[in-house]
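For reference, the structure is listed below as structure tokens.
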Amino acid sequence: MNARVIQVAVPRPLHAVYDYALPPQMPLPEVGARVRVPFGRSAAVGVCVATDVDSSHAKLKQVTELLDVSAVVPAELMALAHWMSGYYHHPLGEVLATMLPAAARKGADCAIDTPDFWMTTTACFDNPRAHAQQALFDYIAQHQPCAGDALVDAGHKRQTLRNLHKAGAVAPCTPTPGNPSEIPPPPTSAQQQAITTITRDLEGFHAYLLEGVTGSGKTEVYLRAIEPVLAAGGQVLVLVPEIALTPQTLGRFQRRFGAVGMLHSNLTDHERLQTWLKCAAGELSILIGTRSAVFTPFQQLGLIVVDEEHDASYKQQEGLRYSARDLATKRAQSHDIPIVLGSATPSLESLYNVDRQRYVKLPLPFRAGDAQMPTYHLIDMRGQQHTDGISVPLERVIRSHLNNNGQVLVFLNRRGYAPSLLCAACGWMATCSDCDARLTLHQSPRQLVCHHCSLRFEIPQACEACGQQSLIPVGLGTQRSEQGLSALFPEVPVYRIDRDTTRSSRRLEEQFAKINSGDRCIMVGTQMLAKGHHFPNVTLVAVLNADAGFLSPDFRAPERTAQLIVQVAGRAGRAQRPGEVWIQSYQPDNPNLRKLIDEGYPGFAAAELANRVSAAMPPAKPMAMLRAESADAPTALDLLQQFKQQLLKPQSQGIELLGPVPAPLARIANRYRYQLMLLASSRSQLHRSLSQLKPPRLPRHLRWSIDVDPYDSL
Ligand code: ADP
Ligand code: ZN
Ligand code: ZN
């Protein structure tokens, strides 16, 4: 046995672990430490996954550099990495690379920065010849602790600071957290019940589904449940959807607890790494973050919260296709701590877990404070006159809300002016050159845009098929509704909020400031309006085209559409004034829509879950999706056919294969896309089958992936 050989996981597809020899003087790293190793013709940063390896290999390559001696990936996360590699059928090295913050993955030094906050160490500083130092000392004495940058902003020099530090008059310090400043409201009885249940046993794994209607005060429950965990010296991880990590959310936690760490995509790599390290060292008690924050190491994790647990952004849709919600539950299990999953519209997965008594449901059926739930109304669009999608009855309702000084929110989940440009003479439609998709007409700037590959085209003068000048926009996008609303209600401002108008976050903040001033206005926008924001003066929510979502071929489309409608409806009447929700539909008898309106989300969800169970679909049966895409169609199709043959081996009893078929969007950016759906009778059967896959030698332009528990099938 050779004690100087270690096993290293490198971020490469397929075979991901390799043996390397340690050079004679190099200390032995811990499992979970990073090393730099030669790999192929280049070098790679890998993670040591085993030491004392018994290698029969004669000529092993040597580790070039030891980046850490002790583990940066603690044992708990190493175990999670191994589990994920098996569960998602993904190479261990790539799993570990996904878990590490980008800076650490690239080999950056994993040390916490010395704090750049300064305090005086003596009562006075007397050096009549050093004016600058004297002034700086006096400034720090008055404002301490002072951030170094703030001192520079106040006109002092870094060099002066260094001199004062050398003279021993000031020293760096860790800043004291901002003082909590909020007096919490007394909990409602439903909130109190939830809080009591969650905090009853903080030293065992329990999963709670906090099902609270919009505005019921779920956040207040999180905040109260966090208190005793912090008091006992524990740390708390709070996961939020990408779009919901607003300054508003963060502000609420800061006002209650002072210092809060934050991880989201707008930070620099260095900032992300620092936050990660501080959590690992136990220096931060609360971390709020989006999806990848689930991989943060902690000293003493005591509670996990997953807010809006149904949200799609918890599922990574490329590379390692993990679900942060599911991994959060896994981590709570291994730490033996409670986890709270909160939502007004829980995923069917979580509701299924409640049915099977794996999760405990904590309902918050009423809104907190004085706010009432909004009432629902349906407008049958068949045969209705309308102005750019606004029917006459809806126009009347909008007018009456505006006359009562209410604000109106109009929801339409499609940006642009019109989703297609059609020739009225021959039926030709403008399509993307690189995708099998129609082009969306945009009005500002005027162009045709492909929403799949982002290509832009000039708007043709005449039909490209028959040459007639008879092109007409068909269907409804937010730009068109904006135009219609402005024409119908010229006296009130109309604010459009979608991905095209929110590129500038300053402009968005300005719009929100105007909206929150409370004056009458109309907002029209996509799902960006549905999440996170609190509009206290909105009394009417209108859903223009409820049908589109329910008709999508994706198996999750009804669930997702119902969640979206309920979330956007939840923006109505959140303060003193009661709200109304009006839904336009060409299919007012659509059973999904009817259920949702008549029985609310719980009724809809129960029926939809029953559908999934009887159709043997997730969450009742586990699913995996194999996808392949390539520059030509046969290559991708052929690979999936080979996979199908491998999966059809005799031990594949209990496996159902659907496909391979072209993906509903069969070509995007000139790549042909195919999919093969796999349904299994049990988890173990699913994993046994997937383990049989042996990808053949592949041409470079072919890409394929395994998606376990896929979020969508498009
Ligand atoms: P949710 O997250 O369930 O949508 P929030 O936590 O944002 O709800 O609460 C909605 C509103 O109700 C907030 O303005 C919050 O301050 C208020 N609120 C929450 N709990 C209470 C309470 N117990 N008493 C009074 N107001 C409350
Ligand atoms: Zn034509
Ligand atoms: Zn395209």
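The values are calculated or read from the model by the stated rules, or taken from the named source; none is laboratory data. This structure is a prediction, so every number in the text was calculated from the model and none was measured. Using ideal geometry, Cβ is built from the backbone for each residue, glycine included, and neighbour counts are taken over all protein chains shown. To get the accessible areas, we keep the full protein, side chains included, count just its heavy atoms, and leave off ligands, DNA and RNA. Shrake-Rupley method; radii C 1.70, N 1.55, O 1.52, S 1.80 Å.
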Q) Which residues, taken from segment 122-151, are under 17 Å from Ala171 (Cβ atoms) and open to solvent by 80 Å² or more (accessible area, probe 1.4 Å)? A) Ala123, Cys124, Gln142, His143
Q | Residue tally, condition farther than 30 Å from Lys361 by Cα and either of a type outside the set (S, T, N, Q) or in a helix (DSSP H, G or I) (or both), over segment 154-194 | A | 24
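In the set Leu698, Leu714, Leu665, Leu693, which member is in a loop (DSSP other than H, G, I, E, B) and more than 21 Å from Pro91 (Cβ to Cβ)? First the steps, then the outcome.
Numbers: Leu698 fails: more than 21 Å from Pro91 (Cβ to Cβ); Leu665 fails: in a loop (DSSP other than H, G, I, E, B); Leu693 fails: more than 21 Å from Pro91 (Cβ to Cβ).
Just a single option satisfies the conditions, and that option is Leu714.
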Q: Could you check Ala232 against (1) away from ligand 1 (no atom under 16 Å from the Cβ); (2) surrounded by 15 or more Cβ atoms within 10 Å (Cβ to Cβ) and say which number it fails?
A: (2)
Q | Residues that are open to solvent by less than 60 Å² (accessible area, probe 1.4 Å), within 27 Å of Arg577 (Cβ to Cβ) and not hydroxyl-bearing (Ser, Thr, Tyr), drawn from segment 381-392 | A | Gly389, Ile390
Q) Limited to segment 241-261, what total is found for residues that are touching a helix residue (DSSP H, G or I) at 6+ places or on another chain (Cβ under 6 Å) and of a type in the set (A, V, I, L, M, F, W, C)? A) 1
Q: Please give the strands (runs of 3 or more DSSP E) falling wholly within segment 1-94 in which 2 or more residues are within 32 Å of the chain's Cα centre (by Cα).
A: 5-9, 34-39, 42-50
**Q.** Those residues of segment 440-479 which are more than 24 Å from Phe411 (Cβ to Cβ), within 16 Å of ligand 2 (Cβ to nearest atom) and within 34 Å of the chain's Cα centre (by Cα), in sequence order
**A.** Leu448
Q: With respect to Ala103, determine if the residue is open to solvent by less than 50 Å² (accessible area, probe 1.4 Å), out of contact with any strand residue (DSSP E or B) (no Cβ under 7 Å at 6 or more places or on another chain), more than 20 Å from Ala16 (Cα to Cα) and not in a loop (DSSP other than H, G, I, E, B).
A: yes
**Q.** Pick from segment 1-54, criterion exposed (fewer than 12 other Cβ atoms within 10 Å of the Cβ) and hydrophobic (A, V, I, L, M, F, W, C), ranking: farthest from Leu100 (Cα to Cα)
**A.** Met1
Q. Just one of the numbered conditions (1) more than 18 Å from the chain's Cα centre (by Cα); (2) over 25 Å from Ile183 (Cα atoms); (3) assigned to a helix (DSSP H, G or I) is not true of Val294; which one?
A. (1)
Q.
I'm checking my understanding of the structure. Among residues of segment 361-374 that are open to solvent by 70 Å² or more (accessible area, probe 1.4 Å) and not in a loop (DSSP other than H, G, I, E, B), which one is farthest from Pro578 (Cα to Cα)?
A. Lys361
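Identify, from the list Gln299, Gln357, the residue that is more than 26 Å from Gly234 (Cβ to Cβ) and assigned to a loop (DSSP other than H, G, I, E, B). Walk me through it before giving the result.
On the way: Gln299 fails: more than 26 Å from Gly234 (Cβ to Cβ).
Residue meeting the stated conditions: Gln357.
To keep it simple, each residue is scored yes or no on (1) touching a strand residue (DSSP E or B) at 6+ places or on another chain (Cβ under 6 Å); (2) within 16 Å of ligand 1 (Cβ to nearest atom); (3) in contact (Cβ under 8 Å) with a residue 24 or more places away in the chain.
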{"position": "Ala633", "(1), (2), (3)": "yes, no, yes"}
{"position": "Asp638", "(1), (2), (3)": "no, no, no"}
{"position": "Ile655", "(1), (2), (3)": "yes, no, yes"}
{"position": "Leu658", "(1), (2), (3)": "yes, no, no"}
{"position": "Ala663", "(1), (2), (3)": "yes, no, yes"}
{"position": "Arg667", "(1), (2), (3)": "no, no, yes"}
{"position": "Asn670", "(1), (2), (3)": "no, no, yes"}
{"position": "Arg673", "(1), (2), (3)": "yes, no, yes"}
{"position": "Leu676", "(1), (2), (3)": "yes, no, yes"}
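Mind checking which residues of segment 678-704 are of a type in the set (A, V, I, L, M), open to solvent by less than 60 Å² (accessible area, probe 1.4 Å) and within 15 Å of Glu629 (Cα to Cα)?
At the first step, the residues of segment 678-704 found to be of a type in the set (A, V, I, L, M) are 678-680, 686, 690, 693, 698, 702.
Subsequent filtering for residues that are open to solvent by less than 60 Å² (accessible area, probe 1.4 Å) retains 678-680, 686, 690, 693, 702.
Listed by number, the list holds a single entry, Leu702.
Which residues, taken from segment 200-215, are within 26 Å of the chain's Cα centre (by Cα), more than 14 Å from ligand 1 (Cβ to nearest atom) and surrounded by 17 or more Cβ atoms within 10 Å (Cβ to Cβ)? Reasoning before the result, please.
Just the residues of segment 200-215 that are within 26 Å of the chain's Cα centre (by Cα), to begin with: 205-215.
This time we only want the ones that are more than 14 Å from ligand 1 (Cβ to nearest atom), so: 205-208.
Correct list: His206, Ala207, Tyr208.
Among the residues in segment 637-659, are any more than 26 Å from Tyr87 (Cβ to Cβ), open to solvent by less than 40 Å² (accessible area, probe 1.4 Å) and either acidic (Asp, Glu) or outside any loop (DSSP other than H, G, I, E, B) (or both)?
Initially, segment 637-659 is screened for residues more than 26 Å from Tyr87 (Cβ to Cβ), giving 637-638.
From what is left, the residues that are open to solvent by less than 40 Å² (accessible area, probe 1.4 Å) are none.
Scanning segment 637-659 turns up no residue that is more than 26 Å from Tyr87 (Cβ to Cβ), open to solvent by less than 40 Å² (accessible area, probe 1.4 Å) and either acidic (Asp, Glu) or outside any loop (DSSP other than H, G, I, E, B) (or both).
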Q) Residues in segment 187-198 that are within 16 Å of ligand 1 (Cβ to nearest atom) and touching a residue at least 12 places away in the same chain (Cβ under 8 Å): how many? A) 8
Q: Considering (1) at pLDDT 95 or above; (2) within 33 Å of the chain's Cα centre (by Cα); (3) of a type in the set (Val, Ile, Thr), say which one Val397 fails and leave the rest.
A: (2)
(Q) Give me the strands (runs of 3 or more DSSP E) completely within segment 411-456, filtered to those with at least 1 residues that are touching a residue at least 24 places away in the same chain (Cβ under 8 Å) and near ligand 3 (Cβ under 10 Å from one of its atoms), ordered by residue number. (A) 446-449
Q | Every residue from segment 652-677 that is over 24 Å from Cys453 (Cβ atoms) and not charged (D, E, K, R) | A | Ser652, Gln653, Gly654, Ile655, Leu657, Leu658, Met677
Q.
Residue under question is Thr197, and the condition is that it be assigned to a loop (DSSP other than H, G, I, E, B) and either open to solvent by less than 10 Å² (accessible area, probe 1.4 Å) or on the phi < 0 side of the Ramachandran plot (or both); does it hold?
A. no
